[in-house]
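These notes concern the structure reproduced below.
The values are calculated or read from the model by the stated rules, or taken from the named source; none is laboratory data. Nothing here was measured: the structure is a model prediction, and the numbers come from that model. Here Cβ is always computed from backbone atoms with ideal geometry, including for glycine, and neighbour counts include all displayed protein chains. Surface areas here come from the heavy atoms of the whole protein model, side chains and all, with no ligands, DNA or RNA. Shrake-Rupley method; radii C 1.70, N 1.55, O 1.52, S 1.80 Å.
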Amino acid sequence: MTNTRIRRAVSAGLLVAAIAGCGSSPDPAPAAQVASAPAPSVPASVPAPAGIPAAALLQPEDVRGATAETLPQGEYAYVRPLRPCGGRYPSDPTRTAAVAKRYVVPGSTPETVPTVVVQFIGRHQPGGAARQIQEIDAALKKCRGGLAEGQRKWDVIESDGDTMLVRIGQRFSYADEEPATVNHYAALARVNDVVVVVADMGWENMDGSEKLVRDLIGKAKTRAAAVH
């Protein structure tokens, strides 16, 4: 990447962070095997719907100081939760509360671009979250997709039943560049009657980070224990 490209991306990231709002969006779960995250610190005051407290969300210290922003209804719908086949799941009506947030996470160094992280939390009636995980697992096996125009390719990297890590590939052109395959990563987990998704959607035409998603799903699972 050229220095000009990096400066343009960083400037755009700062602009997005400056103008984005914050709140919650009630929308209709994968993760790899991860180490236990440290006990959560005192949560920031981030709005969340009834039934999903602010403490259940990723906090600024989890995401390099980024703050939660509202995700408009339908934005990144295919990871709220994972929907490789599109449409609704039979277990969707068991969801009693949901929240979806976006974080513009700064790069790990001043020279690197930011990345967009999406978090989804859905609280279900007893047994509903387990059913949803099973339905998502079946959908990932049925609807692998591909890299043709307008498609996404879904690959399960790791799965241990209640936790999955998935790579979502898509081929497209950005600006005047040649078409290229861009990979995003999403982690899904169940915590009691809660389904949690963390996804790194990258920046412009840049890949997301599998390593970041592995780290964040551990923290997100710890935070989700605050949902009752």
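Filtered by the rule that a residue be of a type in the set (A, V, I, L, M, F, W, C), open to solvent by less than 40 Å² (accessible area, probe 1.4 Å) and modelled with pLDDT under 95, region 183-228 gives Trp203, Met206, Ala226, Val227. If you check Asp176, Asp137 for being acidic (Asp, Glu) and under 21 Å from Ile217 (Cβ atoms), only one passes: Asp137. Selection within region 118-134: residues that are within 24 Å of Gly202 (Cβ to Cβ) and in contact with a helix residue (DSSP H, G or I) (Cβ under 7 Å, 6 or more places away or on another chain). The member of this set that is surrounded by the most Cβ atoms within 10 Å (Cβ to Cβ) is Ile121. Against the criterion of being assigned to a loop (DSSP other than H, G, I, E, B), under 21 Å from Trp154 (Cα atoms) and of a type outside the set (Gly, Ala, Ser), Arg88 qualifies.
Just so you know, in region 89-105 the residues that are under 19 Å from the mean Cα position of the chain (by Cα), buried (at least 19 other Cβ atoms within 10 Å of the Cβ) and not β-branched (Val, Ile, Thr) include one that is nearest to Arg131 (Cα to Cα), and it is Tyr89. When you scan region 158-170, do you find a residue that is among the hydrophobic types (A, V, I, L, M, F, W, C) and surrounded by fewer than 18 Cβ atoms within 10 Å (Cβ to Cβ), even just one? Looking through region 158-170, none of the residues is among the hydrophobic types (A, V, I, L, M, F, W, C) and surrounded by fewer than 18 Cβ atoms within 10 Å (Cβ to Cβ).
Summed over region 58-79, residues that are in contact with a strand residue (DSSP E or B) (Cβ under 6 Å, 6 or more places away or on another chain), under 16 Å from Leu216 (Cα atoms) and not in a strand (DSSP E or B) total 5.
If only one of Arg123, Arg167, Arg131 is basic (Lys, Arg), modelled with pLDDT of 95 or more and outside any strand (DSSP E or B), which one is it?
Result: Arg131 is the single residue among Arg123, Arg167, Arg131 that is basic (Lys, Arg), modelled with pLDDT of 95 or more and outside any strand (DSSP E or B).
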